[in-house]
Every structure is written in structure tokens, then in C-alpha cells.
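**Q** The structure under discussion is supplied below as C-alpha cells; questions concerning it will follow.
Every read-out reported here was derived from the displayed coordinates using simple, explicitly stated rules and does not represent laboratory data. Bear in mind the structure is a predicted one, so any value in this text is a computation, not a measurement. Every residue, glycine as well, gets a Cβ built from its backbone with ideal geometry; the counts of neighbours run over all protein chains shown.
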């Protein structure tokens, strides 16, 4: 590279170098953002939920909660025996993972109750991206009672596939 004593040329070179560096930083940040799956979703709280909600502890174990108070009180065995974080579907068919689900009582207190009854719980809601609601509908279809007559099960599955809210699925005929 040739040396120059021209101050204007040096200034332009420094400006061009600064622009190139900025573009590299922006490009790297954009690449990381896209790799991560887009913008981070805001951290929802229990106040953001639309009740009723369905909590799935396993494919065959679930509860329907109609209020925040019901949701924050759970069966001790469900809390203690969980192997994976439960999933929650709210009335608007939004899907969440319930991370860090724990009793707010001490382990000693839970042992004194012999692991029976209910306990207050805390958890962190993590939104699950499910734009097409495929996972939501799969979870809901999984809880249709296998002992239902075939025509009733078909009606229930049809409701699940067309519903826009939980209350449309569980409403009586």
C-alpha cells in the first residue's frame, strides 16, 4: 500500500474503514439473530395468560385450570414426579413451556405431608413458537378419551381442529 501525506485522502480512508467495520458488525449480529430464530419473545407472566388453561404433565396427564389461583396450586405428586417441563395451552391456543416448576414450600414440609395433597408452585413461562398451532392441536387430540364412541371422538377431534379458543372445544352440546 502506498504512503500518502494527503490529509483528505487519509480521512476518507479512515471513514471507509469505519463503515466497513460497522457493516461487518451489523452483518454478524443479523446472522446470529437469524440463527437464533428471530427476535426473542417477551417473557410472559401468569397475568398474560387467557383462562381457562390446560397443563400437560405427560401425554395422558393434564389439568384444566380456570384461574391463576388454580394454576399456582398443584398436586404434590405432579410437581415432584415431573421429568420434563409441562406444557400449557391458554384459551387463545398459545403454547408455553412451564420451566422451573417447583413447590414454594420446603422439601421438608413436602415430606411431612407424605407427598399428598396440593402445594403452591412457582414457574417461568417460556413461549413455544407454534404459528400453525400444530403442537397445540396434537396435544389436545392426545387427551380425547379413547373410550368415547367413535362418532363422539370424531366430533371432539373436529372441534379441536377448527377451534380458535379452548372454550370452543370443551363446551357442552
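**Q** Where the eigenvalues come from the Cα gyration tensor of region 91-173, what are the semi-axes √(5λ) of the equivalent ellipsoid, largest first, in whole Å?
**A** Semi-axes (√(5λ), whole Å): 33, 19, 10.
**Q** How big is Rg to Rh over region 46-127, alpha-carbon atoms, Rh as the Kirkwood inverse-mean-distance radius? Mind dumping the intermediate values first?
**A** Details: Rg = 12.3 Å, Rh = 12.9 Å.
Answer for region 46-127: 0.96.
**Q** Per-residue counts of other Cβ atoms within 10 Å, averaged by peptide: what ranking do you get for 136-142, 160-166, highest first?
**A** 136-142, 160-166
**Q** Okay, next question. Can you tell me the length gained on complete extension of the stretch residue 8 to residue 51, counting 0.36 nm per residue apart and subtracting the Cα distance? Intermediate results must be reported in sequence, preceding the final value.
**A** Working: separation 43, 0.36 × 43 = 15.48 nm, distance 6.61 nm.
Result: 8.9 nm gained on full extension.
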